[in-house]
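Single-structure report; data block below.
The values are calculated or read from the model by the stated rules, or taken from the named source; none is laboratory data. None of these values were measured; they are calculated from a predicted model. Backbone-built Cβ (ideal geometry, glycine too); neighbour counts: all protein chains shown.
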Amino acid sequence: MSGIAPAQSDSEGLVFPPQFLWGVSTSAHQVEGHTLNNQWWAWESAGRIKSGDCCGPACDWWKNAERDFDLARGLGLNALRLSVEWSRIEPRPGEWDESALQRYRAILQALLNRGIRPFVTLHHFTHPLWFEHAGGFLSPHSADLFERFTARVLAALGDLCNDWVTINEPNVYCAMAYALGEFPPGQAGNVGAALRALGSMARAHARAYRVIHRFRPEANVGWAQNFLVFKPAGAGLDPIIAWLQHKLFNESFVQMISSGRVAFPLSRLVGDLSEVRGTSDFVGLNVYSRFHVCFDRTNPRQFYGRMFVPAEAPQGDHGVELPYGEAHPQAVTAAIEAVRRLNKPIYILENGVPDASDRIRPWLMVNSLKETQQAIARGADVRGYFHWSLTDNFEWSEGWGLRFGLYALDEKTQKRTIRPSGQLYAQIVNGNALPRELVERYAGVPRNRNLEPGN
Ligand code: BGC
């Protein structure tokens with residue numbers, strides 16, 4: 001382990017290293033409001049959100065992110081992850097909106113003024129409509145275009161931020177956009193396109209990695225990897241399908257970045273990755289849940305697996321159609337262990353649960369942090385934990401239906417109300433430790449209220 005002093009436990013509780021980063025994560029489209037020029041605004045306006053919702057003013061950050069930065073400071077946070085919206089900065093190919101860049105300068109400065117270290121993501125699921133119409137990450141020019149965008153962002157904002165996340169969850173984006181069809185452009189069952197886009201995103205990431213270092217040699221650059229636990233439901237083919245899904249979903253992008261290669265037959269689809277090898281200073285992990293997997297010959301879209309959550313498993317609130325996944329704090333350990341061999345610092349860049357009434361969020365938070373602290377105590381170089389999210393925000397294809405905030409948001413009035421889990425997070429953050437009393441209070445797995453009538 002390098003970098004920071006190890007975590008300790010004492011009679012008072014589980015203590016985190018002194019420079020540990022305590023943050024929250026957000027993304028531009030989900031909080032800024034009126035991101036009129038990206039593919040998600042078009043998707044929502046075309047009625048593609050199952051609930052019919054649109055993000056509208058979202059959390060009003062374009063006008064007043066500072067209000068929420070005050071809340072973050074009030075919780076005692078020392079880090080905050082946000083993203084810049086490519087469609088605002090480059091509304092037409094090669095045309096730069098200086099006023100948008102100025103607004104982002106003010107936003108980053110506002111964080112620094114409050115003693116909060118910004119982590120900036122360059123691509124968090126959204127991009128300009130013109131990029132989407134040109135084929136998005138299936139276009140052979142996508143890495144060039146992303147590199148040009150990154151250079152402009154670094155020229156304008158590079159002095160205000162040292163920590164950069166190139167791309168958020170390439171695995172989720174490609175699966176949702178091309179295999180499951182839940183994200184624009186809404187293609188279902190096109191696994192070949194999903195893998196080609198994944199290869200392009202790896203090259204775009206590598207270009208951005210080098211550009212960021214050109215502008216700011218000391219920068220700390222990585223990406224955010226979504227990690228799911230796939231648990232075989234039974235015997236027979238279930239373990240093989242679960243292993244295959246784990247390899248594809250959790251490991252393929254990690255392998256591209258670490259070795260510049262990916263196993264056959266994927267290598268036939270993703271193209272040349274030689275420029276990608278070794279392009280990360282850290283690994284960001286977004287960890288939420290576990291799915292149970294069984295063999296299902298009728299489901300080629302998910303490699304003949306069916307993912308489900310057993311009724312008794314603790315879950316957040318239900319989405320519009322599907323359960324969100326089993327809330328599973330041990331997923332944090334599984335994710336950390338899966339990337340430790342890269343020998344890079346690790347940040348938990350997202351962890352949370354959709355839970356409007358805070359019935360399981362405190363349990364999930366305490367136990368995810370316990371898993372994190374114990375991994376550090378065993379020698380893992382985990383340098384920060386970012387909860388998803390500060391306030392409720394626009395949850396992609398689930399619209400306003402799922403509530404992830406430490407603060408409840410009334411999106412009509414923009415009123416924010418702290419949830420008990422927000423107060424709990426502040427207590428942990430301000431002590432830089434998980435008090436033993438909390439560990440004991442949340443030791444049992446909560447009963448799944450979704451089983452009760454009316455839920
Ligand atoms: C994404 C966020 C999203 C969160 C909760 C993550 O996969 O990066 O944008 O809101 O999950 O679903």
- Task: Report, by residue number, each residue of the range 213-243 that is in contact with a Cys (Cβ under 7 Å, 6 or more places away or on another chain) and surrounded by fewer than 18 Cβ atoms within 10 Å (Cβ to Cβ).
- Result: Gly234
- Message: For the range 308-339, give me each residue that is surrounded by fewer than 18 Cβ atoms within 10 Å (Cβ to Cβ), closer than 21 Å to Ala242 by Cα, at pLDDT below 95 and not aromatic (Phe, Trp, Tyr).
- Response: Pro310, Ala311, Glu312, Leu322
- Taking the range 395-411 and the residues there that are away from the ligand (no atom under 11 Å from the Cβ) and of a type in the set (Asp, Glu), the one that is farthest from Ser421 (Cα to Cα) would be Glu411
- Message: Can you go through Ala175, Ala197 and tell me which one is among the aliphatic types (A, V, I, L, M) and either in contact with a strand residue (DSSP E or B) (Cβ under 7 Å, 6 or more places away or on another chain) or away from the ligand (no atom under 16 Å from the Cβ) (or both)?
- Response: Ala197
- Message: Checking the conditions here, which among Asp392, Asp410, Asp381 is at pLDDT 95 or above, surrounded by fewer than 23 Cβ atoms within 10 Å (Cβ to Cβ), within 29 Å of Trp43 (Cβ to Cβ) and acidic (Asp, Glu)?
- Response: Asp410
- Message: I'd like the full set of residues that are buried (at least 16 other Cβ atoms within 10 Å of the Cβ) and either of a type in the set (Phe, Trp, Tyr) or not in a helix (DSSP H, G or I) (or both), limited to the range 35-47.
- Response: Thr35, Asn37, Asn38, Trp40, Trp41, Trp43
- Starting from the range 351-369, keep only residues that are within 16 Å of the ligand (Cβ to nearest atom), then list their pairs with residues that are among the aromatic types (Phe, Trp, Tyr) and not in a loop (DSSP other than H, G, I, E, B) whose Cβ atoms are within a distance under 8 Å, requiring at least 6 positions of separation or different chains. Asn351/Tyr288; Asn351/Tyr385; Asn351/Phe386; Gly352/Tyr288; Val353/Tyr288; Met365/Tyr425; Ser368/Tyr385
- Go through the residues of the range 160-178 one by one and say whether even a single one is touching a Lys or Arg at 6+ places or on another chain (Cβ under 9 Å), over 26 Å from Gln302 (Cβ atoms) and either surrounded by fewer than 18 Cβ atoms within 10 Å (Cβ to Cβ) or among the basic types (Lys, Arg) (or both). yes
- Exactly one of Arg268, Arg277, Arg341, Arg301 is out of contact with any Asp or Glu (no Cβ under 7 Å at 6 or more places or on another chain), away from the ligand (no atom under 16 Å from the Cβ), of a type outside the set (Ser, Thr, Tyr) and closer than 18 Å to Met176 by Cβ, and that residue is Arg301
- Query: Any chance the range 235-248 includes a residue that's more than 20 Å from Asp144 (Cα to Cα), within 16 Å of the ligand (Cβ to nearest atom), modelled with pLDDT of 95 or more and not in a loop (DSSP other than H, G, I, E, B)?
  - Reply: no
- Of Gly135, Gly158, Gly181, Gly192, which residue is under 22 Å from Ser274 (Cα atoms) and of a type in the set (Gly, Ala, Ser)? Gly192
- Query: If you scan the range 355-396, which residues turn out to be part of a loop (DSSP other than H, G, I, E, B), more than 15 Å from Pro314 (Cα to Cα) and not hydrophobic (A, V, I, L, M, F, W, C)?
  - Reply: Arg378, Gly379, Asp381, Ser389, Asp392, Asn393, Glu395
- Task: Would you mind stating whether Lys50 is within 21 Å of Tyr173 (Cα to Cα) and touching a Gly at 6+ places or on another chain (Cβ under 8 Å)?
- Result: yes
- Note on the structure: If we ask which residues in the range 295-354 are among the aromatic types (Phe, Trp, Tyr), more than 21 Å from the chain's Cα centre (by Cα) and part of a loop (DSSP other than H, G, I, E, B), their number turns out to be 2
- Task: Just need a number here: residues in the range 3-50 that are more than 16 Å from the ligand (Cβ to nearest atom) and touching a residue at least 60 places away in the same chain (Cβ under 8 Å).
- Result: 21
- Only one of (1) surrounded by fewer than 20 Cβ atoms within 10 Å (Cβ to Cβ); (2) more than 15 Å from the ligand (Cβ to nearest atom); (3) not small (Gly, Ala, Ser) fails for Trp86. Which number is that? (1)
